[in-house]
Structure formats: C-alpha cells, structure tokens
1. Percent relative contact order of segment 2-68, based on C-alpha pairs within less than 8 angstrom and at least six residues apart?
2. Quick one: which residues, 5+ away or cross-chain, put their amide H under 5 Å from the amide H of ARG62? H built at 1.01 Å from N.
3. Please list 3J(HN,Hα) in residue order for segment 39-53, calculated via the Karplus relation 6.51 cos²θ - 1.76 cosθ + 1.60 where θ = phi - 60°; whole Hz, with x for glycine and proline.
4. Label-point separation (nm) for VAL66 and LYS39, each offset 7 Å from Cα along Cα-to-Cβ?
Amino acid sequence: MEKLRSELQAENQGVVIPLAMNWIGRPKYVQKKKKEGNKASSVVFSVNGSQMAERVSKRGLRAAGVQYNAERIVNAGPDSFCAVCSRWVYVEAKCEALKMLACMLCSVSNGSG
C-alpha cells in the first residue's frame with residue numbers, strides 16, 4: 001500500500017494522502033479474487049481538504065500511467081435520511097432519484113436534466 005500511496009502522490013499534483021490506505025474487503029477476499037484472475041480491486045483513502053476531495057472525485061486519479069475513477073464515500077447509517085426522496089438509510093449523494101429528470105410523484109423537475 002505504501003508503494004501505491006507514493007505513486008498516487010507522485011502522479012497527481014497536489015494530492016497528499018495523510019492516513020493509511022486500505023483494501024475494500026477482507027484480505028482473504030481480496031486474495032481469493034486475485035487468484036481467480038481479477039486484476040482490479042478497490043482501496044479507500046483520504047486526502048487533505050474538501051477542495052482536493054472534490055477535485056479527486058470529479059477528475060479521478062492516475063496510477064502507473066492509467067487514469068482511474070474515484071468516488072467520494074459518504075457515511076450513512078440506519079438513521080440517515082435522504083432529503084431528496086425522503087427515504088431512510090442513505091443520504092442525498094447516493095440517491096437514485098437524482099438521476100430522474102422529474103419527480104415521479106409530482107412531475108417537478110429536479111434540475112438534473
């Protein structure tokens with residue numbers, strides 16, 4: 001992981017990864033996928049500052065000369081409430097209703113189209 005951290009910081013101007021990076025999933029699961037021929041996996045890490053987080057989530061990151069997408073993780077628990085669709089368990093950032101051109105109940109445009 002330290003090699004990946006160094007490479008991400010070297011290839012992406014201004015990116016600083018202050019904390020440890022981790023695989024998403026248990027190590028046994030990641031190793032099993034690798035043995036099955038899966039050449040890709042996901043990692044979780046943080047960057048310094050909200051402006052850098054926004055830039056990384058919009059533009060992605062380069063590693064080993066390849067451009068990768070990045071996704072901002074928003075913590076949501078059973079008591080999280082979505083202000084867009086009024087459902088529990090997730091927040092606005094993950095709401096599928098944002099992909100609709102208009103509200104299915106009232107037909108008012110949600111501004112995404």
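1. Once divided by the residue count of segment 2-68, the mean separation gives 40 percent.
2. Amide H to amide H, under 5 Å and 5 or more residues apart or across chains, ARG62 pairs with TYR68.
3. 9, 10, 8, 10, 10, 10, 7, 10, 10, 7, x, 6, 5, 5, 4
4. Result for the modelled spin labels: 0.6 nm.
None of the figures in this text is laboratory data; all of them are computed from the coordinates on show. Predicted model only: the values in this text are computed from it and were never measured. Please note: Cβ atoms are built from the backbone with ideal geometry, for glycine as well, and neighbour counts cover all protein chains shown.
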